1. Which numbered condition in (1) farther than 26 Å from SER285 by Cα; (2) open to solvent by less than 40 Å² (accessible area, probe 1.4 Å); (3) of a type in the set (D, E, K, R) is the only one that ARG166 fails?
2. Applying the selection to the stretch 156-180, what residues are within 12 Å of the ligand (Cβ to nearest atom) and part of a helix (DSSP H, G or I)?
3. Got a number for residues in the stretch 250-284 being among the hydrophobic types (A, V, I, L, M, F, W, C) and free of Cβ contacts under 8 Å to residues at least 24 places away in the same chain?
4. Go through the stretch 264-274 and count every residue that is of a type outside the set (A, V, I, L, M, F, W, C) and within 10 Å of the ligand (Cβ to nearest atom).
5. Determine, yes or no, whether ARG212 is under 26 Å from SER152 (Cβ atoms), open to solvent by less than 40 Å² (accessible area, probe 1.4 Å) and near the ligand (Cβ under 9 Å from one of its atoms).
6. Has the stretch 128-144 got at least one residue that is assigned to a loop (DSSP other than H, G, I, E, B) and touching a strand residue (DSSP E or B) at 6+ places or on another chain (Cβ under 6 Å)?
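The values are calculated or read from the model by the stated rules, or taken from the named source; none is laboratory data. Every value quoted in this text rests on a predicted model; they were computed, and no experiment measured them. Glycine also receives a Cβ, built like all others from the backbone with ideal geometry; neighbour counts cover every protein chain displayed. For accessibility, only protein heavy atoms count, side chains too; no ligands or nucleic acids. Shrake-Rupley method; radii C 1.70, N 1.55, O 1.52, S 1.80 Å.
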Amino acid sequence: MYVAPASIGFCVSQGTPSSLLAIHVAAAVLSNDEESWKKKLAELTKEVQENKGIETIFSQDFGATEEVKNVFGFRDGISNPEIEGSGIDGYPQYDKPIKAGEFVLGYPGEAGTVKPYPQPDALGKNGSFLIFRKYQSQVAEFNQFIKENTNSPEEGELLAAKMVGRWKSGAPLPLSPEEDNPDIGEDPEKNNDFSFKNDEYGKKCPFSSHMRRMNPRDARNSVLQDIRLHRIIRKSVSFGDIVPPEITKNDGKERGQFFMGISADAMGTLEFLLKQWANDANFISLGDEKDPMIGVQEDGLFTKPSDPMVDRYHGLQTYNIMKGGDYCFLPSLTALKWISELK
Ligand code: HEM
(Lines give C-alpha, C1' and ligand atoms only; values in the text may rest on other atoms or scores of the structure.)
Protein backbone atom coordinates (compact mmCIF):
# COMPACT_ATOMS: atom_id res chain seq x y z
CA MET A 1 0.00 0.00 0.00
CA TYR A 2 1.21 3.47 -0.80
CA VAL A 3 0.93 5.81 2.13
CA ALA A 4 1.57 9.51 2.29
CA PRO A 5 3.01 10.11 5.73
CA ALA A 6 4.37 13.50 4.90
CA SER A 7 3.75 16.68 3.04
CA ILE A 8 5.80 19.59 1.87
CA GLY A 9 4.61 23.14 1.57
CA PHE A 10 6.18 26.23 0.12
CA CYS A 11 5.36 29.64 1.51
CA VAL A 12 6.31 33.09 0.35
CA SER A 13 6.20 36.25 2.39
CA GLN A 14 4.36 38.86 0.34
CA GLY A 15 5.42 41.91 2.29
CA THR A 16 4.19 45.37 1.28
CA PRO A 17 4.34 46.46 -2.39
CA SER A 18 7.41 48.53 -1.60
CA SER A 19 9.11 45.61 0.13
CA LEU A 20 12.38 44.69 -1.53
CA LEU A 21 12.66 41.39 0.24
CA ALA A 22 10.48 38.36 -0.48
CA ILE A 23 11.72 35.31 1.35
CA HIS A 24 10.80 31.82 0.15
CA VAL A 25 10.52 29.25 2.91
CA ALA A 26 10.20 25.50 2.39
CA ALA A 27 8.76 23.39 5.19
CA ALA A 28 8.33 19.62 5.35
CA VAL A 29 5.92 17.92 7.74
CA LEU A 30 7.15 14.41 8.46
CA SER A 31 5.43 11.76 10.47
CA ASN A 32 5.27 7.99 10.94
CA ASP A 33 1.55 7.69 10.30
CA GLU A 34 -1.03 9.39 8.16
CA GLU A 35 -3.27 10.52 11.01
CA SER A 36 -0.64 12.50 12.92
CA TRP A 37 0.70 13.87 9.66
CA LYS A 38 -2.73 15.25 8.67
CA LYS A 39 -3.21 16.74 12.16
CA LYS A 40 0.15 18.51 12.12
CA LEU A 41 -0.35 19.72 8.56
CA ALA A 42 -3.77 21.21 9.45
CA GLU A 43 -2.20 23.05 12.43
CA LEU A 44 0.59 24.45 10.28
CA THR A 45 -1.78 25.48 7.46
CA LYS A 46 -4.03 27.30 9.94
CA GLU A 47 -1.06 29.17 11.42
CA VAL A 48 0.17 30.18 7.96
CA GLN A 49 -3.31 31.37 6.91
CA GLU A 50 -3.68 33.47 10.06
CA ASN A 51 -0.31 35.09 9.61
CA LYS A 52 -0.73 38.11 7.32
CA GLY A 53 2.12 38.49 4.87
CA ILE A 54 2.64 34.77 4.34
CA GLU A 55 1.11 32.98 1.39
CA THR A 56 1.32 29.30 0.52
CA ILE A 57 2.33 29.05 -3.11
CA PHE A 58 2.81 25.34 -3.50
CA SER A 59 2.08 22.23 -1.50
CA GLN A 60 2.61 18.58 -2.34
CA ASP A 61 1.91 15.30 -0.56
CA PHE A 62 4.56 12.62 -0.69
CA GLY A 63 5.29 9.40 1.06
CA ALA A 64 6.99 6.07 1.02
CA THR A 65 6.09 2.42 1.07
CA GLU A 66 7.44 0.40 3.96
CA GLU A 67 10.25 -0.83 1.71
CA VAL A 68 11.03 2.76 0.58
CA LYS A 69 10.47 1.90 -3.08
CA ASN A 70 10.42 4.60 -5.73
CA VAL A 71 7.87 4.65 -8.57
CA PHE A 72 10.07 2.36 -10.70
CA GLY A 73 9.74 -0.23 -7.91
CA PHE A 74 13.38 0.08 -6.74
CA ARG A 75 14.29 0.33 -3.08
CA ASP A 76 15.86 3.77 -2.69
CA GLY A 77 17.66 5.84 -0.09
CA ILE A 78 20.12 3.09 0.83
CA SER A 79 23.48 4.67 0.30
CA ASN A 80 24.63 7.80 2.09
CA PRO A 81 28.09 9.00 3.05
CA GLU A 82 29.48 8.24 6.50
CA ILE A 83 30.49 11.50 8.12
CA GLU A 84 33.54 11.89 10.34
CA GLY A 85 32.50 12.60 13.92
CA SER A 86 28.84 11.61 13.41
CA GLY A 87 29.24 8.50 15.55
CA ILE A 88 27.69 6.39 12.76
CA ASP A 89 29.94 3.54 11.72
CA GLY A 90 30.81 2.98 8.07
CA TYR A 91 30.94 -0.31 6.19
CA PRO A 92 34.07 -2.45 6.48
CA GLN A 93 34.36 -2.97 2.68
CA TYR A 94 34.06 0.59 1.67
CA ASP A 95 35.76 3.89 2.26
CA LYS A 96 36.62 5.87 5.33
CA PRO A 97 34.30 8.59 6.67
CA ILE A 98 34.09 11.91 4.81
CA LYS A 99 35.16 15.12 6.59
CA ALA A 100 32.20 16.92 8.22
CA GLY A 101 32.97 20.18 6.36
CA GLU A 102 31.67 18.62 3.11
CA PHE A 103 28.19 18.67 4.65
CA VAL A 104 28.17 21.05 7.63
CA LEU A 105 29.14 24.71 7.34
CA GLY A 106 32.01 26.02 9.42
CA TYR A 107 34.24 22.93 9.50
CA PRO A 108 37.18 21.75 7.34
CA GLY A 109 36.25 19.63 4.33
CA GLU A 110 38.24 17.03 2.41
CA ALA A 111 40.57 19.72 0.99
CA GLY A 112 41.42 20.89 4.54
CA THR A 113 39.66 24.24 4.12
CA VAL A 114 36.37 25.65 5.44
CA LYS A 115 33.89 26.43 2.63
CA PRO A 116 32.40 29.97 2.56
CA TYR A 117 29.24 30.34 4.62
CA PRO A 118 26.71 33.07 5.57
CA GLN A 119 27.90 35.45 8.29
CA PRO A 120 27.80 35.97 11.23
CA ASP A 121 28.72 32.59 12.73
CA ALA A 122 25.43 32.52 14.66
CA LEU A 123 23.62 32.40 11.31
CA GLY A 124 25.84 30.22 9.16
CA LYS A 125 27.88 27.86 11.33
CA ASN A 126 26.39 24.35 11.71
CA GLY A 127 23.96 25.04 8.88
CA SER A 128 24.15 23.63 5.37
CA PHE A 129 22.66 23.96 1.89
CA LEU A 130 19.77 21.91 0.58
CA ILE A 131 19.36 20.84 -3.03
CA PHE A 132 15.76 20.41 -4.07
CA ARG A 133 14.56 18.98 -7.40
CA LYS A 134 11.20 17.73 -8.60
CA TYR A 135 11.30 14.93 -11.18
CA GLN A 136 8.42 13.54 -13.23
CA SER A 137 9.13 9.83 -13.81
CA GLN A 138 8.33 8.19 -17.15
CA VAL A 139 8.07 4.64 -15.84
CA ALA A 140 5.92 3.24 -18.68
CA GLU A 141 8.51 4.46 -21.19
CA PHE A 142 11.26 2.82 -19.11
CA ASN A 143 9.25 -0.44 -19.01
CA GLN A 144 8.74 -0.25 -22.79
CA PHE A 145 12.50 0.09 -23.35
CA ILE A 146 13.14 -2.95 -21.13
CA LYS A 147 10.47 -4.99 -22.90
CA GLU A 148 11.77 -4.15 -26.38
CA ASN A 149 15.29 -5.22 -25.43
CA THR A 150 14.69 -8.46 -23.53
CA ASN A 151 12.94 -11.79 -24.13
CA SER A 152 11.39 -12.56 -20.73
CA PRO A 153 10.37 -10.79 -17.50
CA GLU A 154 13.46 -12.27 -15.78
CA GLU A 155 15.77 -10.88 -18.46
CA GLY A 156 13.92 -7.58 -18.10
CA GLU A 157 14.57 -7.44 -14.35
CA LEU A 158 18.27 -8.11 -15.00
CA LEU A 159 18.59 -5.31 -17.59
CA ALA A 160 16.72 -2.87 -15.31
CA ALA A 161 19.07 -3.81 -12.43
CA LYS A 162 22.11 -3.28 -14.67
CA MET A 163 20.86 0.23 -15.50
CA VAL A 164 20.32 1.16 -11.83
CA GLY A 165 23.21 -0.78 -10.25
CA ARG A 166 20.91 -2.54 -7.78
CA TRP A 167 18.04 -5.01 -7.99
CA LYS A 168 14.57 -3.81 -7.06
CA SER A 169 15.08 -5.39 -3.63
CA GLY A 170 18.06 -3.07 -3.12
CA ALA A 171 20.70 -5.83 -3.48
CA PRO A 172 23.76 -4.24 -5.15
CA LEU A 173 25.14 -5.86 -8.33
CA PRO A 174 28.74 -6.14 -7.04
CA LEU A 175 27.38 -8.54 -4.37
CA SER A 176 24.71 -10.18 -6.48
CA PRO A 177 25.50 -9.72 -10.19
CA GLU A 178 23.21 -12.21 -11.98
CA GLU A 179 20.21 -12.78 -9.73
CA ASP A 180 18.37 -10.85 -7.08
CA ASN A 181 19.10 -11.55 -3.43
CA PRO A 182 16.33 -9.93 -1.34
CA ASP A 183 18.03 -11.04 1.91
CA ILE A 184 20.97 -8.77 1.06
CA GLY A 185 18.67 -6.08 -0.36
CA GLU A 186 16.75 -5.56 2.86
CA ASP A 187 19.67 -5.97 5.25
CA PRO A 188 21.15 -2.53 6.14
CA GLU A 189 24.30 -4.28 7.41
CA LYS A 190 24.92 -5.81 3.98
CA ASN A 191 23.20 -3.80 1.25
CA ASN A 192 25.83 -1.06 1.11
CA ASP A 193 28.88 -3.01 2.19
CA PHE A 194 30.73 -3.33 -1.11
CA SER A 195 33.34 -1.71 -3.31
CA PHE A 196 34.13 -1.95 -7.02
CA LYS A 197 37.66 -3.29 -6.61
CA ASN A 198 36.62 -6.81 -7.72
CA ASP A 199 34.69 -5.48 -10.69
CA GLU A 200 37.28 -3.55 -12.63
CA TYR A 201 35.72 -4.27 -16.07
CA GLY A 202 32.17 -3.45 -14.94
CA LYS A 203 30.89 -6.95 -15.76
CA LYS A 204 29.01 -7.13 -12.48
CA CYS A 205 27.92 -3.52 -12.19
CA PRO A 206 28.19 -1.52 -15.46
CA PHE A 207 30.29 1.67 -15.28
CA SER A 208 27.33 3.49 -16.79
CA SER A 209 24.73 2.34 -14.20
CA HIS A 210 23.16 5.14 -12.17
CA MET A 211 24.59 3.95 -8.85
CA ARG A 212 28.15 3.51 -10.10
CA ARG A 213 28.18 6.85 -11.91
CA MET A 214 26.83 8.75 -8.88
CA ASN A 215 29.38 7.18 -6.54
CA PRO A 216 32.25 5.38 -8.28
CA ARG A 217 33.59 4.43 -4.80
CA ASP A 218 37.06 2.89 -5.19
CA ALA A 219 36.88 2.31 -8.98
CA ARG A 220 40.42 2.63 -10.34
CA ASN A 221 40.61 5.63 -12.62
CA SER A 222 42.88 8.63 -12.28
CA VAL A 223 40.08 11.01 -13.36
CA LEU A 224 38.08 9.86 -10.38
CA GLN A 225 40.29 11.00 -7.55
CA ASP A 226 37.86 13.73 -6.61
CA ILE A 227 35.11 11.28 -5.59
CA ARG A 228 35.30 12.28 -1.94
CA LEU A 229 34.68 15.94 -2.90
CA HIS A 230 31.42 15.10 -4.67
CA ARG A 231 29.36 13.21 -2.14
CA ILE A 232 25.91 14.34 -1.03
CA ILE A 233 23.57 13.29 1.74
CA ARG A 234 20.40 12.16 -0.06
CA LYS A 235 16.92 12.09 1.38
CA SER A 236 14.57 11.70 -1.54
CA VAL A 237 10.87 10.91 -1.41
CA SER A 238 8.47 9.63 -4.05
CA PHE A 239 5.02 10.79 -5.03
CA GLY A 240 2.45 8.85 -7.07
CA ASP A 241 2.09 5.11 -7.43
CA ILE A 242 4.54 2.43 -8.52
CA VAL A 243 4.11 1.28 -12.14
CA PRO A 244 4.65 -2.49 -12.54
CA PRO A 245 6.95 -3.74 -15.35
CA GLU A 246 4.11 -5.01 -17.58
CA ILE A 247 2.62 -1.49 -17.95
CA THR A 248 4.17 0.13 -21.02
CA LYS A 249 1.62 2.84 -21.79
CA ASN A 250 1.83 6.19 -19.98
CA ASP A 251 -1.41 6.89 -18.03
CA GLY A 252 -0.51 10.59 -17.78
CA LYS A 253 -0.63 10.61 -13.95
CA GLU A 254 1.76 12.70 -11.87
CA ARG A 255 4.41 10.50 -10.31
CA GLY A 256 8.05 10.89 -9.54
CA GLN A 257 10.54 11.96 -6.96
CA PHE A 258 11.51 14.91 -4.88
CA PHE A 259 15.25 14.70 -4.83
CA MET A 260 16.71 16.31 -1.73
CA GLY A 261 20.41 16.49 -1.05
CA ILE A 262 22.59 18.19 1.52
CA SER A 263 26.02 19.57 0.78
CA ALA A 264 28.14 22.46 2.08
CA ASP A 265 28.71 23.31 -1.60
CA ALA A 266 25.27 22.37 -2.92
CA MET A 267 25.36 24.08 -6.29
CA GLY A 268 28.95 23.09 -7.11
CA THR A 269 28.38 19.47 -6.11
CA LEU A 270 25.05 18.93 -7.87
CA GLU A 271 26.05 20.72 -11.06
CA PHE A 272 29.21 18.61 -11.15
CA LEU A 273 27.26 15.37 -10.65
CA LEU A 274 24.74 16.23 -13.35
CA LYS A 275 27.15 17.68 -15.89
CA GLN A 276 30.21 15.44 -15.52
CA TRP A 277 28.92 12.13 -14.18
CA ALA A 278 25.27 11.96 -15.31
CA ASN A 279 25.28 13.67 -18.71
CA ASP A 280 28.78 12.86 -19.91
CA ALA A 281 30.85 9.68 -19.87
CA ASN A 282 34.35 10.93 -20.49
CA PHE A 283 35.32 9.86 -16.97
CA ILE A 284 34.45 6.22 -17.78
CA SER A 285 35.69 6.34 -21.40
CA LEU A 286 32.19 5.97 -22.87
CA GLY A 287 32.08 9.18 -24.91
CA ASP A 288 28.93 11.15 -24.29
CA GLU A 289 26.76 8.23 -23.10
CA LYS A 290 24.36 9.43 -20.40
CA ASP A 291 23.15 8.06 -17.06
CA PRO A 292 20.33 5.63 -17.99
CA MET A 293 18.08 6.86 -15.14
CA ILE A 294 18.68 10.61 -14.95
CA GLY A 295 20.46 11.43 -18.23
CA VAL A 296 18.73 13.93 -20.52
CA GLN A 297 18.47 12.12 -23.85
CA GLU A 298 16.54 11.04 -26.92
CA ASP A 299 17.62 7.78 -28.50
CA GLY A 300 20.41 7.38 -25.93
CA LEU A 301 22.89 4.55 -25.50
CA PHE A 302 23.59 2.15 -22.61
CA THR A 303 26.73 0.01 -22.50
CA LYS A 304 26.76 -3.20 -20.46
CA PRO A 305 30.14 -4.99 -20.29
CA SER A 306 29.51 -8.67 -20.89
CA ASP A 307 31.38 -11.85 -21.88
CA PRO A 308 33.32 -11.78 -24.19
CA MET A 309 32.14 -8.43 -25.65
CA VAL A 310 30.05 -5.50 -24.47
CA ASP A 311 26.27 -5.28 -25.08
CA ARG A 312 25.02 -1.95 -26.39
CA TYR A 313 21.39 -0.86 -26.10
CA HIS A 314 19.96 2.02 -28.14
CA GLY A 315 16.82 4.11 -27.84
CA LEU A 316 16.95 5.31 -24.21
CA GLN A 317 14.77 8.30 -23.34
CA THR A 318 14.79 10.77 -20.44
CA TYR A 319 13.08 8.60 -17.82
CA ASN A 320 13.11 11.29 -15.13
CA ILE A 321 12.22 14.77 -16.33
CA MET A 322 13.35 17.62 -14.11
CA LYS A 323 10.38 19.92 -13.49
CA GLY A 324 12.03 22.46 -11.21
CA GLY A 325 14.05 22.98 -8.09
CA ASP A 326 16.17 25.28 -6.04
CA TYR A 327 19.15 25.59 -3.75
CA CYS A 328 18.15 26.59 -0.22
CA PHE A 329 20.00 27.61 2.92
CA LEU A 330 19.41 25.12 5.72
CA PRO A 331 19.83 27.00 9.01
CA SER A 332 20.96 25.25 12.19
CA LEU A 333 18.67 25.23 15.24
CA THR A 334 20.92 27.89 16.82
CA ALA A 335 20.50 30.04 13.73
CA LEU A 336 16.70 29.70 13.81
CA LYS A 337 16.74 30.87 17.43
CA TRP A 338 19.10 33.74 16.52
CA ILE A 339 16.80 34.82 13.65
CA SER A 340 13.69 34.62 15.84
CA GLU A 341 15.33 36.90 18.42
CA LEU A 342 16.40 39.59 15.91
CA LYS A 343 14.88 42.98 16.61
C1 HEM B 1 13.92 10.62 -10.10
C2 HEM B 1 15.23 10.60 -10.18
C3 HEM B 1 16.08 9.51 -9.55
C4 HEM B 1 15.83 8.19 -9.34
C5 HEM B 1 14.60 7.40 -9.75
C6 HEM B 1 16.99 7.64 -8.63
C7 HEM B 1 17.13 6.33 -8.22
C8 HEM B 1 18.17 5.83 -7.46
C9 HEM B 1 18.26 4.49 -6.94
C10 HEM B 1 17.22 3.37 -7.13
C11 HEM B 1 19.42 4.39 -6.26
C12 HEM B 1 19.97 3.15 -5.54
C13 HEM B 1 19.62 3.16 -4.09
C14 HEM B 1 20.68 3.72 -3.18
O15 HEM B 1 21.86 3.41 -3.34
O16 HEM B 1 20.33 4.47 -2.28
C17 HEM B 1 20.08 5.67 -6.35
C18 HEM B 1 21.28 5.98 -5.78
C19 HEM B 1 21.88 7.20 -5.88
N20 HEM B 1 21.44 8.28 -6.60
FE21 HEM B 1 19.70 8.44 -7.59
N22 HEM B 1 17.90 8.64 -8.46
C23 HEM B 1 17.38 9.79 -9.00
C24 HEM B 1 17.97 11.02 -9.07
C25 HEM B 1 19.23 11.28 -8.62
C26 HEM B 1 19.91 12.57 -8.77
C27 HEM B 1 19.32 13.81 -9.44
C28 HEM B 1 21.12 12.42 -8.18
C29 HEM B 1 22.24 13.43 -8.05
C30 HEM B 1 22.62 14.19 -9.02
C31 HEM B 1 21.21 11.07 -7.67
C32 HEM B 1 22.27 10.56 -6.96
C33 HEM B 1 22.33 9.30 -6.41
C34 HEM B 1 23.40 8.86 -5.53
C35 HEM B 1 24.60 9.69 -5.06
C36 HEM B 1 23.11 7.53 -5.20
C37 HEM B 1 23.92 6.63 -4.26
C38 HEM B 1 25.07 5.99 -4.98
C39 HEM B 1 25.94 5.25 -3.97
O40 HEM B 1 26.36 5.85 -2.98
O41 HEM B 1 26.20 4.07 -4.22
N42 HEM B 1 20.05 10.41 -7.97
N43 HEM B 1 19.29 6.54 -7.09
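1. In the conditions (1) farther than 26 Å from SER285 by Cα; (2) open to solvent by less than 40 Å² (accessible area, probe 1.4 Å); (3) of a type in the set (D, E, K, R), ARG166 misses (1) alone.
2. ALA160, ALA161, MET163, VAL164
3. So the first thing to find is which residues in the stretch 250-284 are among the hydrophobic types (A, V, I, L, M, F, W, C), and the list is 258-260, 262, 264, 266-267, 270, 272-274, 277-278, 281, 283-284.
Imposing the further condition that a residue be free of Cβ contacts under 8 Å to residues at least 24 places away in the same chain reduces the set to 274.
Selection size over the stretch 250-284: 1.
4. In the first step, residues of the stretch 264-274 are kept if they are of a type outside the set (A, V, I, L, M, F, W, C); the result is 265, 268-269, 271.
Next, from what is left, pick out any that are within 10 Å of the ligand (Cβ to nearest atom): 269, 271.
Looking only at that region, the number is 2.
5. Working: under 26 Å from SER152 (Cβ atoms): yes; open to solvent by less than 40 Å² (accessible area, probe 1.4 Å): yes; near the ligand (Cβ under 9 Å from one of its atoms): yes.
So ARG212 fits the description; yes.
6. Step one: of the stretch 128-144, the residues assigned to a loop (DSSP other than H, G, I, E, B) are 138.
Now restrict to residues that are touching a strand residue (DSSP E or B) at 6+ places or on another chain (Cβ under 6 Å): none.
No, there is no match, as no residue in the stretch 128-144 is assigned to a loop (DSSP other than H, G, I, E, B) and touching a strand residue (DSSP E or B) at 6+ places or on another chain (Cβ under 6 Å).
Okay, residues lined up against (1) free of Cβ contacts under 8 Å to residues at least 40 places away in the same chain; (2) touching a Gly at 6+ places or on another chain (Cβ under 8 Å); (3) part of a helix (DSSP H, G or I):
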residue: ASP193; (1), (2), (3): no, no, no
residue: TYR201; (1), (2), (3): no, no, no
residue: PRO206; (1), (2), (3): no, yes, no
residue: MET211; (1), (2), (3): no, yes, yes
residue: ARG228; (1), (2), (3): no, no, yes
residue: ASP241; (1), (2), (3): no, no, no
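Residue by residue, here is whether (1) under 30 Å from GLY185 (Cβ atoms); (2) at pLDDT 80 or above holds:
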{"site": "ILE57", "(1), (2)": "no, yes"}
{"site": "ASP61", "(1), (2)": "yes, yes"}
{"site": "THR65", "(1), (2)": "yes, no"}
{"site": "LYS69", "(1), (2)": "yes, yes"}
{"site": "PHE72", "(1), (2)": "yes, yes"}
{"site": "GLN93", "(1), (2)": "yes, no"}
{"site": "GLY101", "(1), (2)": "no, yes"}
{"site": "LEU105", "(1), (2)": "no, yes"}
{"site": "PRO120", "(1), (2)": "no, yes"}
